[in-house]
Amino acid sequence: MKKRALIFTFVTYLTVAQNPILIPPTLSGTNISLTFQNGTHEFFSGVTTNTMGVNGNILGPTLILNQGDFVNFSVTNNIAETSTLHWHGLHVSAENDGGPHTTILPGETWTPSFTIMDKAGTFWYHPHLHHYTNAHVSKGIAGMIIVKDPEEAALDLPRTYGEDDFPIVIQTKDFDANGQIVVPSNNDDSIMVNATLDAQLDIPAQVVRLRLLNGSSMRTFNIGLNNNQTFYQIASDGGLLSAPLASTRLRMAPGERAEILIDATSLQGQTLFLMSYASEFQNGIYGATYPGMGQGMVLDGYNPNPLNGNDFNILQLDVVAPTANPVTSIPNALVTVTPIPEANADITRDLVMTPVQGGQNQLNGDFVINGTPFDLNVINYEIPLDNTEIWSITNQSAIGHPFHIHDVQFYVLDRNGNTPPLNEQGLKDVIYLLPQETVRFITKFEDFANPDVPYMYHCHMLYHEDRGMMGQFIVVDELGVDDADFKEGIAVYPNPTNGIVQIATKENNTLSKVIVYNILGSKVTETTNNIIDLSNLNSGVYLLKLVTSKGITTRKVVLN
Ligand code: C2O
Ligand code: CU
Ligand code: CU
């Protein structure tokens, strides 16, 4: 098979045969079953490529989850290799996070269950087994997660999946002469959306929403529309921005998401292109002409590649007739974004990214955080529950890296001492650092503590991550539950609380329901969840009636 010839010039791009993009099916509700499987996919017509997928041959279903729902997942691994499944960006407990310690052996089923606590936004899921993340993601295991909440539902935004609200999973891959996916590779010259090469999408002539995910192993894109047409970014990794941000360019590194609106109201019959303006990248970005700061720094396999340092099309958008009840204008405002004040920080931690061996050949070597490669048996940080922390990350290598942290969303305080650009002023869980840059972010490690299962932080360039550019932290509840807090096999903590109350059970006791009463005996709320958020209630004393397998018991909780 001959490698596909990419067409870059505006004069000739209409000659490329376009393929309608795959829109992954959706799964929603509170019981979700996912099965990893081996499969095949025809990326190139007539060529069978071996793939991995979830509930199918390639990629996975889009999960549509409601904030506040308690969701039971069942994840079965039928790929004959050990793997894991991580919910990238979701705020979940460490044991549910699906990091490298939470392996799913071949033939096994993992059954995490948790409450969806995040704001409305675009997240994703992918495997996370140490050394194998790149292989499993590149071969096709990845899917989008859409979280919905009432705040987002109240806005006049497009939200009909596949009609005016589209999942756009952008990936590059390298195919060998037999049409098989090569992992790892620095020669990722095939660009695809939702596993479709030369992808084409019909969009109605109205305001449409694209949920962009850079699901590539290594490559950063400089997203824009042809003719420098304006689009409006409405969300970053962790949810909506305060207002739509009119832009013509958006840099997206691996792992990052952004939701954008395109106003196609008056464009029926026209064709637009979602592009990457990679010619505008400075060197030192995987995606630029030279991936290192100096032209003498080579990365084996990287050049020649027509995607490097050139502008290219990602997705053709053909504007067709509008739908019934279209959204026809861009809202003025979205949600209130309330960054954590810097003064709240309990501690600043400094992290530095360096090459293992410096110098001209550093791009072909490995990279590390704080001088040491990832070790599954070493906990790099122990973080007290409810700590508010500033993480100051410095890139002392010659290539840019996207830094990602599990458990939390963060607010960027500054980039090289300057206020971050507007599109980085919302919630983020991945932040890109050019060579020599320092970014400081602030976050709070709340709700979940587990002394046994760590969370990860790492570079989201999957080859770097697999080769050790990762670390891990545990969140410890120093004041929280210990054996003395258990009475009749059940503990309610923290108490007093600032809002979140957790109920832990042991000795084979299980919790089936919690009914909250105020001090006057009126019922306030009830839940089947073991985590209750009382933060919307007035301060005071509440009574929790706990229905358990060992009977009903009542506990008093003080809300500060
Ligand atoms: Cu998207 Cu730790 O990963
Ligand atoms: Cu993650
Ligand atoms: Cu990296």
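The values are calculated or read from the model by the stated rules, or taken from the named source; none is laboratory data. No experiment lies behind these values; they were computed from the predicted model shown. Backbone-built Cβ (ideal geometry, glycine too); neighbour counts: all protein chains shown. For accessibility, only protein heavy atoms count, side chains too; no ligands or nucleic acids. Shrake-Rupley method; radii C 1.70, N 1.55, O 1.52, S 1.80 Å.
Table: residues versus (1) touching a residue at least 40 places away in the same chain (Cβ under 8 Å); (2) within 15 Å of ligand 1 (Cβ to nearest atom).
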site	(1), (2)
Q37	yes, no
F43	yes, no
G60	yes, yes
I64	yes, no
S74	yes, no
E81	yes, no
H86	yes, yes
G89	yes, yes
N96	no, yes
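For region 380-411, filtered to residues that are away from ligand 1 (no atom under 16 Å from the Cβ) and among the β-branched types (V, I, T), the residue that is nearest to M461 (Cα to Cα) is I399.
Listed by first and then second residue, the pairs with beta-carbon distance under 9 Å, at least 6 apart or on different chains, first residue in region 212-230 and under 11 Å from N313 (Cα atoms), second modelled with pLDDT under 95, are N226/F10; N226/Y13.
Just so you know, in region 145-193 the residues that are in a loop (DSSP other than H, G, I, E, B) and of a type in the set (A, V, I, L, M) include one that is surrounded by the most Cβ atoms within 10 Å (Cβ to Cβ), and it is L157. As a summary of the residue check, G140 satisfies the conditions (1) touching a residue at least 12 places away in the same chain (Cβ under 8 Å); (2) open to solvent by 30 Å² or more (accessible area, probe 1.4 Å); (3) away from ligand 3 (no atom under 16 Å from the Cβ) except for the one numbered (2).
With the checklist (1) in contact with a His (Cβ under 6 Å, 6 or more places away or on another chain); (2) over 21 Å from R257 (Cβ atoms) in hand, flag the one item T111 doesn't pass. (1) is the only condition that T111 fails.
Restricted to strands (runs of 3 or more DSSP E) entirely inside region 225-267, those with at least 2 residues that are within 16 Å of ligand 1 (Cβ to nearest atom) are 257-263.
Can you pull out every residue in region 60-115 that is charged (D, E, K, R), within 27 Å of F445 (Cα to Cα) and away from ligand 2 (no atom under 14 Å from the Cβ)?
Of all residues in region 60-115, those charged (D, E, K, R) come to 69, 81, 95, 97, 108.
This time we only want the ones that are within 27 Å of F445 (Cα to Cα), so: 69, 95, 97.
D69, E95, listed by residue number.
Looking at region 373-394, can you tell me whether even one residue there is surrounded by fewer than 19 Cβ atoms within 10 Å (Cβ to Cβ) and within 16 Å of ligand 3 (Cβ to nearest atom)? Yes, the conditions are met somewhere in region 373-394. A count restricted to region 358-371 and to residues that are in contact (Cβ under 8 Å) with a residue 12 or more places away in the chain and either loosely packed, with under 15 Cβ neighbours inside 10 Å or among the basic types (K, R) (or both) stands at 3.
Does I191 satisfy being more than 18 Å from the chain's Cα centre (by Cα) and closer than 20 Å to A253 by Cα? Taking the combined requirement at face value, the residue satisfies it. The criterion of at least 1 residues that are open to solvent by 30 Å² or more (accessible area, probe 1.4 Å) is met, among strands (runs of 3 or more DSSP E) falling completely within region 19-109, by 26-28, 31-41, 49-54, 62-66, 70-78. Screening region 421-505 for strands (runs of 3 or more DSSP E) wholly inside it with 3 or more residues that are under 30 Å from I552 (Cβ atoms) and either of a type in the set (S, T, N, Q) or touching a strand residue (DSSP E or B) at 6+ places or on another chain (Cβ under 7 Å) (or both) returns the ranges 490-493, 500-505.
Among the residues of region 519-560, those that are part of a strand (DSSP E or B) and open to solvent by 40 Å² or more (accessible area, probe 1.4 Å) comprise K523, V524, T525, E526, D533, V541, L543, K545, I552, T554, K556, V558. Among the residues of region 348-359, some residue qualifies, meaning at least one is touching a His at 6+ places or on another chain (Cβ under 6 Å) and of a type outside the set (G, A, S).
Once region 412-423 is narrowed to residues that are over 27 Å from P454 (Cβ atoms) and open to solvent by less than 30 Å² (accessible area, probe 1.4 Å), the residue that is farthest from ligand 1 (Cβ to nearest atom) is D414. Given the options A491, A449, name the one that is more than 16 Å from ligand 2 (Cβ to nearest atom) and open to solvent by less than 20 Å² (accessible area, probe 1.4 Å). After applying the criteria, what remains is A491.
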